[in-house]
1. Out of B:Ala49, B:Ala94, B:Ala88, which single residue is under 18 Å from B:Ser320 (Cβ atoms) and assigned by TED's automatic domain parsing to the domain that holds B:Val25?
2. When the range B:260-285 is examined, which residues are found to be under 27 Å from B:Thr238 (Cβ atoms) and not small (Gly, Ala, Ser)?
3. B:Ala26 versus (1) assigned to a loop (DSSP other than H, G, I, E, B); (2) more than 14 Å from chain A (Cβ to nearest Cβ); (3) not polar (S, T, N, Q): which is the lone unmet condition?
4. With respect to B:Lys96, is the statement that it is within 14 Å of chain A (Cβ to nearest Cβ) and out of contact with any helix residue (DSSP H, G or I) (no Cβ under 7 Å at 6 or more places or on another chain) true?
5. Under 6 Å between Cβ atoms, at least 6 apart or on separate chains: pull out the pairs that start in the range A:114-132 with a residue that is among the aromatic types (Phe, Trp, Tyr) and end on any residue that is not in a loop (DSSP other than H, G, I, E, B).
6. Residue check, A:Lys7 against (1) modelled with pLDDT under 95; (2) open to solvent by less than 20 Å² (accessible area, probe 1.4 Å), all met but one. Which one?
7. Inspect all residues belonging to the range A:270-281 and state whether any of them is touching a strand residue (DSSP E or B) at 6+ places or on another chain (Cβ under 7 Å), hydrophobic (A, V, I, L, M, F, W, C) and within 14 Å of another protein chain (Cβ to nearest Cβ).
8. Hey, B:Pro256 hits all of (1) within 14 Å of chain A (Cβ to nearest Cβ); (2) surrounded by fewer than 24 Cβ atoms within 10 Å (Cβ to Cβ) but one; which does it fall short on?
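The values are calculated or read from the model by the stated rules, or taken from the named source; none is laboratory data. Predicted model only: the values in this text are computed from it and were never measured. Cβ: placed from backbone, ideal geometry, glycine included. Neighbour counts: every protein chain shown. Areas reflect the complete protein model, heavy atoms only, side chains present, ligands, DNA and RNA absent. Shrake-Rupley method; radii C 1.70, N 1.55, O 1.52, S 1.80 Å.
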Number of protein chains: 2
Amino acid sequence: MGHFDQKLLPTAADVESAVARLKGVAVRTPLINAPVLDERLGARVFLKAEILQRTGSFKFRGAYNRISQIPADRRAAGVVAYSSGNHAQGVAAAAKLLGMPATIVMPDDAPKAKLARTRALGAEVVTYDRVGGADRAAIAEAIVKERGATLVPPYDDPMIIAGQGTIGVEIAEDLDKLGLKPDIVVVGASGGGLAAGVSLGIKSRAASARLFTAEPKDFDDTLRSFVRGERVANEKITGSICDALMSNTPGEWTFPINKELIGQGIAASDEEVGAAVRYAFNELKLVVEPGGAIGLASLLAGKLDGIVDIRGKTVVAILSGGNVDVEMYAKLIAG
Amino acid sequence: MGHFDQKLLPTAADVESAVARLKGVAVRTPLINAPVLDERLGARVFLKAEILQRTGSFKFRGAYNRISQIPADRRAAGVVAYSSGNHAQGVAAAAKLLGMPATIVMPDDAPKAKLARTRALGAEVVTYDRVGGADRAAIAEAIVKERGATLVPPYDDPMIIAGQGTIGVEIAEDLDKLGLKPDIVVVGASGGGLAAGVSLGIKSRAASARLFTAEPKDFDDTLRSFVRGERVANEKITGSICDALMSNTPGEWTFPINKELIGQGIAASDEEVGAAVRYAFNELKLVVEPGGAIGLASLLAGKLDGIVDIRGKTVVAILSGGNVDVEMYAKLIAG
């Protein structure tokens, strides 16, 4: 996608097109209800298990929706992406399914498992010095120019957003089968692609649903941008266990959607995220990476208290990813 | 239930009654398909995620089916059970839902998490010295007599078997929605209650399905009993990481069913089970305890090679439980 253009913002119709494109390709992940969590929160709680998606995170959806629309004459030149990890794997897997080469620009301090898995999916990995301030976008652009490849951005793209939106449609459909509507949906935000997509998907099916972004404390740029009414940046660029949620500002394409359809955010500390990862291990038997647990963490830590009464409501959180290093996971579940 | 009586063996009709009894009470657990596992095994593989059942294992189903049929005048005296862990939690949770007191006789070397969780479900826990050879059945019987309580055996009971059988019905129903029939089903066996129930449930819906029990190496009493045509015991009583699969012999009630409907078994080593637990962490993002991974372990280790060609087939394994101590889990996933 080129530069931001208000007129090209994705709509619910783009999400429906993505649903058709991903049918039989993406895993239709289960919407999990656990009685033990319902009891704890006093609500009917559903967890969209995107940890069970191809490559262990939701990122495959947007990547496949984007890459499958690359014209035939540009496919041989392949795709390029930059990512802290999950988008990398999503792009690599989608390109592989579509028979296209993929080059991924990744921070050299990304979790080892994410680097290894991206390579295992057949992608070429180019690392850069994130903390030192190297410009990953510039590195990716250079490769794009050199090879004539197509850049697949992590979130700031209408087709990426529409692909993530299929999650919202599936949530609404699965709840509908149970005779339910989502009252409250908590969705993690980094660049905001998941949040924008899910809000489009959910709102078109259940207009009364109230959505909230969830972010790591100190990396709550979306929350603060909602308050300010414009995009603001985080001061920190490192220092959260949520390695998947460290974008510096809300996206150009994602923020207008999230501002309109969500507009409110909550944030949780590393300790609260760790407690949620541990809770998912002990009580839910699900492996969730820190960034993927931000919504659950916010609910368990009562971050909606005083904002909205969730008791008796149908509440949804998205377990957005499960790619976590063994060492960090062992530490987190030990508490 | 009283002494064994061939005429009282549970049937597919008893499983159907259990389906009605458990509706809206047990979690209808998802049947998970992971493309990465399909590729690895060259088959269409489905995992019945009983790790997502109430209390983290399938045991709740049989326990609830049994306890909910206790006559009104005997409910106040409560229930008693003996168990290495998962049955304990299943009984405690079922009794709690039905408003009945529960006393559980557990080995003093059971995983700490299982002891703690059983108490957390409101049950009274009485421990015994398993390795020293204390007779847990006798201890439970003494409590039954003293209090007039009802004994809920772990597997050797028609209603327990019928309750576990609801898993088989759900597998067949969920595959049917996808236009599939189960070709091969691998089900873990200890006392054989899960295997007997699942075989009743599956065979009534998909008569051509071929079932196999899976057991830990050196604790493969069911496999050896199939070969001998009669119930034989294990020589060892300790020494497997599969703490949930250490019954000494096949059950009196379960074996006739398993002999007729299954008749073939496979076994996997502790190393192979550990590899499956690790695979489930890395690739499936599911927390599975060693005993709960025995079917997956057998498939990953190729234990069906030379017995049946699974390529292109619809293959089902049951992830029967996910209650594992943090320390053991951290060790297993580190490899």
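1. Going through B:Ala49, B:Ala94, B:Ala88 in turn, just one is under 18 Å from B:Ser320 (Cβ atoms) and assigned by TED's automatic domain parsing to the domain that holds B:Val25: B:Ala49.
2. Correct list: B:Ile262, B:Gln264, B:Ile266, B:Asp270, B:Glu271, B:Glu272, B:Val273, B:Val277, B:Arg278, B:Tyr279, B:Phe281.
3. Looking at each condition in turn, B:Ala26 falls short on (2).
4. Answer is yes for this residue.
5. Matching pairs, first to second residue: A:Tyr128/A:Arg136; A:Tyr128/A:Ile139.
6. Single failed check for A:Lys7: (2).
7. Yes, some residue in the range A:270-281 is touching a strand residue (DSSP E or B) at 6+ places or on another chain (Cβ under 7 Å), hydrophobic (A, V, I, L, M, F, W, C) and within 14 Å of another protein chain (Cβ to nearest Cβ).
8. (1)
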